[in-house]
Amino acid sequence: MKTKQSLSFQAQAGIGKGLIETFYRRTGRRLGAEVKKFKGEVDLEWSAIETGKKETLVMLHGFSDRRESFYFAAGSLKKRFNLILPDLPGFGKSTLDQSLEYSLENYGRWLGEFIEKACPESFHLAGSSMGGAVAATLAAGFPDRIKSLCLENSAGFYLPGRVSIHEEALDGINIFQIDSAEEYERLRDRIFKKKPALPRFVREYMIKQAMDNKEWYGKIFNDLMDMESVHKGLASMEEISLNSLCLEIQMPTLLIWGRHDTLFPWETASFLENRIPDARVHIFENLGHAPHLEDPSGFAGVVSDFISGLE
């Protein structure tokens, strides 16, 4: 049952939506972003920031997010790369269809089609959280086209012996399903070590959006996590993870983590470093689950230095 929203709250959230959409449009223009649409099995909207640089970086956002979250780091990254920033299916302005199964396998196929038809012959790939899981899947599927891989606090992998969002999901808990302002702030506490300040109306809009999407986020979360197989004893937590994919990731890989990540423990980076053939680790000591938002310039610098070091 949906939580009742007052008319005042809805009005304030409406103002907030206008403010944030205006901010993203203006920021996109300042960055030189061109909004494009891709028609395929599912439709994707994406931002292309063409700078005439030699290298292109494709970046995949996380769960419940949108492509513009990378705009904060894009000002620094565009000095080094052309940027391709798609909205993942189910989020932003890409296909939202209740009849589809938003499984990791399908995300790999949908984004694979996007890569084949809309991306350069070779490029670098980065993914944050859920986007990291999709990026890892693509890296295994397109080893000849993806020159390097950056995984930021990546979902999809399982570190045995450490509590993570996987155990919460096994207990039926989805931290992205929000019923109140208090729950929204608890989610922000989980994502950030130090929460960025939000203007009042923007905060109201973010809360309303999370509450309105509660059932939708539940569907995608369940499609992705496949906890039913674990509950039925058909597979272990590790078996439904991407751990078995590690050896198939052959390109140079950077594992970026915030030490205060409460969704996926930072030790996951070292765990993966020992399993991915050509991997290295960067830990942000004072950040949480989203370094690209908590320290955009620091995140951009680490990614740029990593790719520059490969030349």
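The numbers here are math on the coordinates, done by the rules we state, and not lab data. Since the model is a prediction, treat every value here as computed from it, not as a measurement. Here the Cβ positions follow ideal geometry from the backbone for every residue, glycine too, while neighbour counts run over all protein chains shown.
Length gained on full extension, Asn274 to Val35, computed as 0.36 nm times the residue gap minus the Cα-Cα distance: 82.1 nm.
P(r) for region 138-258, from all Cα pairs and a bin width of 10 Å, is 11, 32, 32, 21, 3 %, short bins first. Across all Cα atoms of the chain, the radius of gyration (one decimal) and Dmax (whole number) stand at 18.6, 56 Å. Computed from Cα atoms alone, the Kirkwood hydrodynamic radius reported for region 70-157 is 13.7 Å. Pairs of C-alpha atoms in region 14-90 farther apart than 20 Å represent 31 percent of all such pairs. Rounded to a whole number of µm²/s, how large is the Stokes-Einstein D of region 1-136 at 25 °C and 0.890 mPa s, given Rh as the Kirkwood radius over C-alpha pairs? Value of D from the Cα-based Kirkwood radius: 154 µm²/s.
The calculated Kirkwood hydrodynamic radius for region 204-309 is 16.3 Å, given to one decimal from all distinct C-alpha pairs. Remark on Glu55: its backbone amide H falls under 5 Å from those of Asn82, a criterion applied only to residues 5 or more positions apart or on other chains, H modelled at 1.01 Å from N.
From the alpha carbon centroid of region 159-178 to that of region 125-148 is 23 Å. Hand me the trypsin sites (Lys or Arg not before Pro) from region 243-290 located in a DSSP loop with no more than 16 other Cβ atoms within 10 Å, in residue order please. Loop-located and lightly packed - Arg259, Arg275.
Taking 0.36 nm per residue of sequence separation and removing the Cα-Cα distance, the Leu310/Glu101 pair yields an extension gain of 71.5 nm.
With both labels modelled 7 Å from their Cα along Cα-to-Cβ, the Glu238 to Glu21 distance reads 4.8 nm. Once C-alpha pairs closer than 8 Å and six or more residues apart are averaged by separation and normalised to the residue number of the chain, the relative contact order reads 20 percent.
Here the scattering of region 267-311 is modelled by Debye summation over its C-alpha atoms, one equal scatterer each and no solvent; at q = 0.14, 0.22, 0.29, 0.31 Å⁻¹ the log10 of I(q)/I(0) is -0.39, -0.88, -1.08, -1.09.
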